[in-house]
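Peer 1: My questions all concern the structure below.
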Amino acid sequence: MAQAEETKARLLAAHGWDANAVELVPVTASGDRIQDRPLAEIGGKALWTRELDGWLVENRIDASVHSMKDVETIRPFELAITAILPRADRADRLLGAASIEALPQGAIVGTSAPRRAAQLLNRRPDCRVVTFRGNVATRMAKLAGGEVDATFLAAAGLDRLDEADVGVRLDPEEWLPAPAQAAIGIECRTDDERTREWLAAIDHLPSHAEVMAERALLAALGGSCHTPVAVLTSGEDPMRMRAAIYSECGAERVEGETEIGEGREGAIAALAADLLQRAPEKVRRLFSGPV
């Protein structure tokens, strides 16, 4: 809802509309209702988009607001990601310790993200990862209740909820973020020219380019909610993309980088192919290849 409020505020400012011009319609996603199992076991990222997609296709809403890191790589052809808002802080924050190194020996760390789990175990194989889902307040309450020693939350989400002082920021140059992390995307029906025109006014082109490049990398890898993928994209012309893929246990890590200019698709595909070619079988089997 915080992301929807930001989207509304930007639309009102861009078009000079009054506060009643945009109505926010709360939709509870399956991912919010089912919190006791990893996403990969119950339908993956579609759990965050399924209900919104249905409401869009049925013309019950004109646009839907997404955390782009939670949106499947392949989307229905009837829908178009039309706007990406200015990207916020891509970093993760660690709650429960001053740093990864400061975690106690054998610490129990809660996360449902394969990327966070693999990166943690790559650096701290002594730690134990347990499934940890729920919204920000729920996870903070579980941590405070002693269910785990530590957990991770996205800096952008905490900032949007005015929790900027919570946790320790992990440098994204050292702790690579998820593809499209910290990006808010707005989707509408592909054939809805009026809404597409409205949304174009709030589309932040540099952020849009970054997000689409990172989603293209996921597509080239054949990544899913099961796959530990981390990527950091920076700069504008050209962009520089640095990515890493992991084994589920974190023991294996393969990193590469590329410069993305006019031949964006080719450079991204080459990076994905290089990562997979250098990866051991236990990592490659997590990826399906180009889609």
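Peer 1: Does Leu143 qualify as being of a type in the set (A, V, I, L, M, F, W, C), in contact (Cβ under 8 Å) with a residue 12 or more places away in the chain and closer than 26 Å to Leu276 by Cα? Walk me through how you get there before you give the answer.
Peer 2: Details: of a type in the set (A, V, I, L, M, F, W, C): yes; in contact (Cβ under 8 Å) with a residue 12 or more places away in the chain: yes; closer than 26 Å to Leu276 by Cα: no.
Criteria not met by Leu143.
Peer 1: Can you tell me which condition Cys188 does not meet? The list is (1) not assigned by TED's automatic domain parsing to the domain that holds Ala13; (2) not in a helix (DSSP H, G or I), and all the others hold.
Peer 2: (1)
Peer 1: Does region 267-285 include one or more residues that are without any contact (Cβ under 8 Å) to a residue 40 or more places away in the chain, of a type in the set (Val, Ile, Thr) and not in a strand (DSSP E or B)?
Peer 2: Looking only at region 267-285, we keep the residues that are without any contact (Cβ under 8 Å) to a residue 40 or more places away in the chain, and these are 267, 270, 274, 277-285.
Filter once more, so that each one left must be of a type in the set (Val, Ile, Thr): 283.
Cutting the leftovers down to not in a strand (DSSP E or B) gives us 283.
Checked region 267-285: at least one residue is without any contact (Cβ under 8 Å) to a residue 40 or more places away in the chain, of a type in the set (Val, Ile, Thr) and not in a strand (DSSP E or B).
Peer 1: What about Arg93, is it touching a helix residue (DSSP H, G or I) at 6+ places or on another chain (Cβ under 7 Å) and over 21 Å from Asp192 (Cα atoms)?
Peer 2: Values: touching a helix residue (DSSP H, G or I) at 6+ places or on another chain (Cβ under 7 Å): yes; over 21 Å from Asp192 (Cα atoms): yes.
The answer is yes for Arg93.
Peer 1: Related question: For region 237-263, give me the residue count where each residue is part of a loop (DSSP other than H, G, I, E, B) and either closer than 21 Å to Lys69 by Cβ or of a type in the set (Ser, Thr, Tyr) (or both). Show your work before the answer.
Peer 2: Kept after step one, since they are part of a loop (DSSP other than H, G, I, E, B), are these residues of region 237-263: 237-238, 247-252, 261-263.
Of the ones still in play, those that are also either closer than 21 Å to Lys69 by Cβ or of a type in the set (Ser, Thr, Tyr) (or both) are 247-248, 250.
Number satisfying all stated conditions: 3.
Peer 1: Considering only residues of region 110-137 that are touching a Pro at 6+ places or on another chain (Cβ under 6 Å) and outside any loop (DSSP other than H, G, I, E, B), which is nearest to Pro179 (Cα to Cα)?
Peer 2: Here is the first cut: in region 110-137, the residues touching a Pro at 6+ places or on another chain (Cβ under 6 Å) are 112, 114-115, 118, 131.
Those left that are additionally outside any loop (DSSP other than H, G, I, E, B): 114-115, 118.
Values: Pro114: 12, Arg115: 10, Ala118: 15 Å.
Step by step, filter region 110-137, then rank; the result is Arg115.
Peer 1: Sticking with this structure for a sec: Consider Gly223 against the criteria (1) of a type outside the set (A, V, I, L, M); (2) buried (at least 22 other Cβ atoms within 10 Å of the Cβ); (3) outside any helix (DSSP H, G or I); (4) at pLDDT 95 or above: it satisfies all of them except one. Which criterion is unmet?
Peer 2: Evaluating Gly223 over (1) of a type outside the set (A, V, I, L, M); (2) buried (at least 22 other Cβ atoms within 10 Å of the Cβ); (3) outside any helix (DSSP H, G or I); (4) at pLDDT 95 or above leaves (4) as the failure.
Peer 1: Turning to a different aspect of this structure: Confirm whether Leu52 is in contact with a strand residue (DSSP E or B) (Cβ under 9 Å, 6 or more places away or on another chain) and either at pLDDT below 95 or of a type in the set (A, V, I, L, M, F, W, C) (or both).
Peer 2: Details: in contact with a strand residue (DSSP E or B) (Cβ under 9 Å, 6 or more places away or on another chain): yes; either at pLDDT below 95 or of a type in the set (A, V, I, L, M, F, W, C) (or both): yes.
Yes: the conditions hold for Leu52.
The values are calculated or read from the model by the stated rules, or taken from the named source; none is laboratory data. Note that the coordinates shown come from a computational prediction; the quantities given were computed from them, not determined experimentally. Note that we place each Cβ from the backbone using ideal geometry, even for glycine, and neighbour counts take in every protein chain shown.
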